[in-house]
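> Just dropping this structure here.
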Amino acid sequence: MRTAQAVRRMLRRMDGHAPIVFQPDPAQAGRTRVGRLMKKVGAPDARALHAWSVADVGRFWDTALQDLGLAWYRPYSQVLDRSRGLPWTRWFVGGQTNIVLNCLDRHVVAGPWGDGQRAETLALVAEADDGSVRRLTYAELRQQVNRAAGLLRDLGVKVGDRVGIYMPMVSEVVVAFFACLQVGAVAVPVFSAFGAEALAVRMKDAGACLLFTADGGFRRGEAVPILPHAQQAAGQCPSLRHLVVLRRTGGAAALVPGRDLWWHEHVTPRAPDTATEVLDAEARSMLLYTSGTTGRPKGTVHTHAGCLATMVKEVGYAFDVHAGDRFFWLTDIGWMMGPWEMVGVLALGATLVLFEGAPNWPRSDRLFDIVQQHRVTHLGVAPTAVRLLRRSGEDPSAGHDLSSLRILGSTGEPWDPESWSWFFERVGAGRCPLVNISGGTEMVGCLLSPLPVTPLKPCTLWGPGLGMDVDVVDDAGQPVRGQVGHLVLRQPAPSLTKGFLGDDARYLATYFERFGERLWYHGDWALVDDEGFWFLHGRSDDTIKVAGKRTGPAEVEAAVIAHPSASEAAAIGVPDELKGEALVVFVVPKRGVREDEALRAALAEAIATALGKTLRPKALRFVDALPKTRSGKILRRAIRATWLGEPAGDLGTLENPAALQGIAQSR
């Protein structure tokens with residue numbers, strides 16, 4: 001077991017009191033996209049570049065979009081219009097474009113917007129759960145998209161109509177996504193693991209007219225039904241006129257005549273429709289739903305130009321993606337990282353790698369098999385996925401050729417120092433920058449982001465992303481450094497949601513009620529250390545305040561995970577008559593560890609030693625698993641509600657419902 005001194009050192013690393021562990025090579029940094037941008041604008045380093053980017057955000061976005069080579073049917077006459085204030089800023093006024101123009105058309109067809117030089121370049125590598133692989137060039141992918149777009153037009157789908165996508169992560173999910181955008185429909189991606197009720201709520205709220213789905217998918221070698229949920233949801237959603245169904249598993253499926261259509265009968269054989277809609281910059285491209293603790297999910301509204309600007313900026317500058325790179329992020333279409341990588345990677349002419357299955361099946365090294373086999377250059381994961389891989393008791397990356405990796409990525413939740421260091425040192429060999437990004441569904445991008453030219457400390461996000469005027473403030477809205485505060489945005493960004501679908505009042509209350517319309521309130525706790533490195537400490541609605549002492553779950557969980565017997569942990573605050581709130585901690589022990597009172601006492605003592613006796617947990621429970629989304633986020637709000645016997649709210653993103661039963665049984 002680690003000493004108390006070692007635990008304190010580990011926790012200090014989370015607050016920035018740690019040495020820099022990565023320094024970029026100057027020669028390599030100069031060859032990056034962002035290095036080129038620094039030279040262009042005369043910025044001597046990354047801090048100076050960021051300061052330049054927010055001194056005049058209109059100038060930055062205009063420069064960046066030209067530098068990244070985005071295509072327009074008609075150039076914009078004004079970068080941004082702030083006349084209605086930060087919440088309702090308009091971007092790229094007068095411009096016309098389409099995501100499909102940028103991601104497919106200009107790579108395949110020579111013309112005024114592109115050179116058509118990448119038609120035979122590999123666009124997509126999709127590995128299925130069983131290990132089979134499908135590869136599509138840009139020309140082949142565009143042809144498939146054109147066929148699906150033609151079917152949409154035949155079925156009467158018009159510009160602005162909403163189309164749901166409820167499919168596993170196979171190549172056809174990319175086809176469906178871009179087909180929607182090609183015809184000007186608004187894509188509504190949802191997790192393929194949703195149940196019927198969660199899907200129905202989103203389809204009804206969106207007013208979707210069509211749903212792309214599948215008979216099922218595969219997970220850990222087993223067929224998982226999807227179509228029955230889709231059909232049940234369609235029965236609750238009168239606006240859904242058609243289901244287009246991919247035959248993925250080949251199981252028994254009864255289609256509803258006149259409504260349900262097989263993909264292989266109506267998409268695959270039809271002639272391609274190559275017409276891409278010319279759309280205003282502010283035309284809607286996607287509705288992405290973000291779950292709330294209570295009430296119906298919130299539909300965030302995104303535009304063609306807004307998504308292009310932010311996604312391509314981040315994939316291009318933060319991850320330095322070029323043609324020839326192979327980019328793999330372990331994600332689902334229902335998480336913003338799915339559309340984010342599809343748009344960002346393909347707009348830059350690189351190769352996107354998709355994966356249908358679980359990262360530790362059929363063996364704990366599956367993720368690294370994929371990296372080796374497909375020569376992946378960029379690997380992105382959620383921290384929980386790394387903790388899952390470390391639970392095997394071995395090093396699943398050992399024995400694999402990971403030399404193709406150039407940059408690592410992560411997002412979704414705060415890191416613990418042990419897991420961050422394992423990923424950086426074991427997988428990236430200490431040579432690959434770990435670009436830890438954080439933003440949200442409401443902006444389909446990042447507030448905070450390292451660059452490949454910035455130094456790194458364990459768990460850091462380095463600082464604000466380019467063009468993002470971000471700050472950390474106290475309860476009065478005043479800037480703070482060296483202490484935890486609220487993460488806010490001071491100036492608009494192109495991809496910020498255009499309200500919530502049909503509920504502007506809720507949008508304003510969510511982001512602007514706390515500080516007024518001068519600051520976008522993000523809801524994360526953040527800290528900037530004395531060297532200017534930024535760190536996240538979890539969601540402010542997860543804040544735990546015991547006897548007046550405020551902490552976030554990440555600090556508590558890191559203290560637990562530092563113990564050699566603990567694999568994962570989740571911390572919540574519960575009402576307490578004496579202290580106002582008390583700490584309850586759930587721990588997943590490592591395999592073979594004996595769950596006894598001695599271990600329980602040792603873990604409780606580790607928390608008290610690291611954070612003070614006040615934060616010694618009221619209860620510490622051992623569980624087999626923590627409830628998580630498909631993207632790996634721990635659902636602490638659902639844990640808290642279950643422990644307290646309260647309604648758990650929206651559980652549409654929950655992948656493992658049995659984990660909540662384990663929480664309930666541990667009470």
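The values are calculated or read from the model by the stated rules, or taken from the named source; none is laboratory data. What you are looking at is a predicted structure, and each value in this text was computed from that prediction instead of being measured. Every residue, glycine as well, gets a Cβ built from its backbone with ideal geometry; the counts of neighbours run over all protein chains shown. When the accessible area is computed, the model is the full protein with side chains, heavy atoms only, and any ligands, DNA or RNA have been set aside. Shrake-Rupley method; radii C 1.70, N 1.55, O 1.52, S 1.80 Å.
> So which lysines pass the test for LYS39, namely a Cα distance under 30 Å, with those fewer than 8 places away in the same chain ruled out?
LYS313, LYS457
> Can I ask one more? Got a sec? What order do THR276, THR460 fall in by accessible area at 1.4 Å, biggest, i.e. largest, first? Walk me through the numbers before you get to the answer.
Numbers: THR276 25, THR460 0 Å².
Ranking THR276, THR460 by accessible area, largest first, yields THR276, THR460.
> Between ARG296 and ALA271, 0.36 nm times their residue separation minus their Cα-Cα distance comes to what? Mind showing how you got there, number by number?
Details: separation 25, 0.36 × 25 = 9.00 nm, distance 4.03 nm.
Working it through step by step, the gained length comes to 5.0 nm.
> Same structure, new question: Quick one: accessible surface of HIS50, probe radius 1.4 Å, all protein chains present, in square angstrom to the nearest 10.
Per-residue accessible area (HIS50): approximately 30 Å².
> Going by amide H atoms built from the backbone, whose H comes under 5 Å of the H on VAL435, apart from near neighbours?
Here the answer is LEU408, GLY409, SER410, since their amide H atoms fall under 5 Å of that of VAL435.
> Hey, another quick one. Could you work out the relative contact order of the range 502-576, using alpha carbon pairs under 8 angstrom and six or more residues apart, expressed as a whole percent? Can you show the working numbers first?
Values: 76 pairs, mean separation 12.9, N = 75.
Worked out over the range 502-576, it gives 17 percent.
> Over the range 596-641, average the accessible area per residue using a 1.4 Å probe and give it in Å², no decimals. Please report the intermediate quantities before stating the final value.
Values: 1780 Å² over 46 residues.
Per residue, the range 596-641 has an accessible area of 39 Å².
> Taking a probe of 1.4 angstrom, what is the accessible area of LYS545 in Å², to the nearest 10?
Accessible area, nearest 10 Å²: 110 Å².
> Rounded to the nearest whole Å², what accessible area per residue is found for the range 500-573 with the 1.4 Å probe? If you can, show how the numbers build up before the last one.
Numbers: 2450 Å² over 74 residues.
Each residue of the range 500-573 exposes 33 Å² on average to a 1.4 Å probe.
> Just to make sure I understand: if all protein chains stay in place, what is the order of VAL278, VAL480 by accessible area at 1.4 Å, largest first? Numbers along the way, then the final one.
Numbers: VAL278 75, VAL480 15 Å².
Putting VAL278, VAL480 in descending order of accessible area: VAL278, VAL480.
> Would you mind computing, in nm to one decimal, how far apart the modelled labels at ALA505 and ALA51 are, each placed 7 Å from Cα along Cα→Cβ?
About 4.5 nm, to one decimal.
> About the Cα centre, and with charges only on the beta carbon of Lys, Arg (+1) and Asp, Glu (-1), how big is the dipole of the chain? Nearest 20 debye, please.
Numbers: 75 positive and 71 negative charges, 73 e Å.
In total the dipole reaches around 360 debye.
> Another question, then. Can you compute 3J(HN,Hα) from phi for each residue in the range 470-477, using the Karplus curve 6.51 cos²θ - 1.76 cosθ + 1.60 with θ = phi - 60°, rounded to whole Hz and x for Gly and Pro?
9, 9, 10, 10, 8, 5, 8, x
> Also, quick follow-up: In the P(r) worked out for the range 556-609, what percent of Cα pairs fall beyond 13 Å?
59 percent
> In addition: Calculated from the structure, percent of Cα pairs over 43 Å apart equals which of (i) 57; (ii) 40; (iii) 19?
Read-out from the structure maps to (iii).
> Whole-Hz ³J(HN,Hα) for each residue in the range 78-90, computed from phi via Karplus 6.51 cos²θ - 1.76 cosθ + 1.60 with θ = phi - 60°, x for glycine and proline: what do you get?
Values per residue, Gly and Pro as x: 8, 5, 8, 10, 9, 4, 9, x, 3, x, 10, 5, 9 Hz.
> If you don't mind, there's one more thing I want to ask. For the range 109-266, give the percent of accessible area contributed by carbon and sulfur heavy atoms, probe 1.4 Å, rounded to a whole number. Don't skip to the answer; put the middle values down first.
On the way: 2820 of 5580 Å².
In the range 109-266, the share of accessible area belonging to carbon and sulfur is 51 percent.
> Excluding residues on the same chain fewer than 8 positions from LYS298, give the lysines whose Cα lies under 17 Å from its Cα.
LYS298 reaches LYS204, LYS498.
> Considering only protein heavy atoms and a probe of 1.4 Å, how much of the accessible area of the range 309-379 is carbon and sulfur, as a whole percent? Kindly include the intermediate steps, with their values, before the conclusion.
Working: 560 of 1200 Å².
Carbon-and-sulfur percentage of accessible area, whole number: 47.
> So how exposed is TYR76, as accessible area in Å² (1.4 Å probe, rounded to 10)?
Estimated to the nearest 10 Å², TYR76 gives 40 Å².
> Here's another thing I want to ask about it. Taking amide hydrogens as modeled 1.01 Å from N in the peptide plane, which residues meet the under 5 Å criterion relative to ARG621, leaving out close sequence neighbours?
Answer set, sorted by chain and number: VAL585, PHE586, VAL587.
> Beyond 21 Å, what share of the Cα-Cα pairs of the range 441-589 remains, rounded to the nearest whole percent? Intermediate results must be reported in sequence, preceding the final value.
Details: 5904 of 11026 pairs.
So the pairs more than 21 Å apart make up 54 percent of the total in the range 441-589.
> Using each residue's phi in the range 448-465, evaluate 6.51 cos²θ - 1.76 cosθ + 1.60 at θ = phi - 60° and report the 3J(HN,Hα) Karplus result to the nearest Hz, with x for Gly and Pro.
10, 6, x, 10, x, 10, 10, x, 9, 10, x, 6, 6, 10, 6, x, x, x
> Taking 25 Å as R0, compute the FRET efficiency from the Cβ-Cβ separation of ALA110 and TRP262 and round it to 0.05.
On the way: r = 35 Å, r/R0 = 1.40.
So the FRET efficiency works out to roughly 0.10.
> Can you spot the lysines whose alpha carbon is less than 20 Å from LYS579's alpha carbon? Ignore those fewer than 8 places along the same chain.
Cα-Cα hits under 20 Å: LYS545, LYS549, LYS613, LYS618.
> Plugging the Kirkwood radius over Cα pairs into Stokes-Einstein for the range 264-333, at a temperature of 10 °C and a viscosity of 1.306 mPa s, what D comes out in µm²/s? Intermediate results must be reported in sequence, preceding the final value.
Details: Rh = 15.9 Å.
For the chosen part, D equals 100 µm²/s.
> Compare the peptides 508-514, 61-67, 80-86 by average per-residue count of other Cβ atoms within 10 angstrom and give them in order, highest first. Please report the intermediate quantities before stating the final value.
Working: 508-514: 16.1, 61-67: 18.4, 80-86: 13.7.
The packing order, highest mean first, is 61-67, 508-514, 80-86.
> Same structure again: Relative to the Cα centre, what is the charge dipole magnitude of the range 365-524, using +1 at the beta carbon of each Lys and Arg, -1 at the beta carbon of each Asp and Glu, and rounding to the nearest 20 debye?
Numbers: 15 positive and 19 negative charges, 78 e Å.
Rounded to the nearest 20 debye, it is 380 debye.
> Between ALA598 and LYS158, 0.36 nm times their residue separation minus their Cα-Cα distance comes to what?
On the way: separation 440, 0.36 × 440 = 158.40 nm, distance 6.44 nm.
So the extension gain works out to 152.0 nm.
> While we're looking at this one, here's another question. Would you mind calculating the relative contact order of the chain from Cα pairs under 8 angstrom and at least 6 residues apart, reporting the percent as a whole number?
Working: 1500 pairs, mean separation 95.8, N = 667.
Reported relative contact order: 14 percent.
> Next question. Can you give me the long-range amide H partners of TYR289? Hydrogens built in the peptide plane at 1.01 Å from N, cutoff under 5 Å, separation of 5 or more residues or another chain.
Those qualifying (amide H under 5 Å, at least 5 residues apart or on another chain) are THR300.
> Hey, if you put +1 on the Cβ of every Lys and Arg and -1 on every Asp and Glu Cβ in the range 230-385, which of ALA323, LEU243, VAL312 ends up farthest toward the positive end of that dipole?
LEU243
> Among VAL57, GLY69, TYR138, whose Cα sits farthest toward the positive end of the charge dipole of the range 57-169 (+1 at Cβ of Lys/Arg, -1 at Cβ of Asp/Glu, about the Cα centre)?
Towards the positive end, the residue furthest out is VAL57.
> With every protein chain kept in place and ligands, DNA and RNA left out, what is the accessible area per residue of the range 167-213? Probe 1.4 Å, answer in Å².
Values: 580 Å² over 47 residues.
Here the per-residue accessible area is 12 Å².
> With a 1.4 Å probe and every protein chain kept in, tell me what percent of the accessible surface of the range 549-589 is carbon plus sulfur. Walk me through the numbers on the way to the answer.
Details: 550 of 1100 Å².
It is 51 percent, rounded to a whole number.
> Find the all-direction average of the projected area of the Cα convex hull for the range 318-364, expressing the result in square nanometres with one decimal place. Write down the numbers at each step before the final one.
Working: hull surface 15.2 nm².
Its average projected convex-hull area is 3.8 nm².
> Give the ranking of GLU172, GLU605, GLU531 by solvent-accessible surface, highest area first, calculated with a 1.4 Å probe. It would help to have the intermediate numbers written out before the result.
On the way: GLU172 35, GLU605 80, GLU531 105 Å².
The residues order as GLU531, GLU605, GLU172, largest area first.
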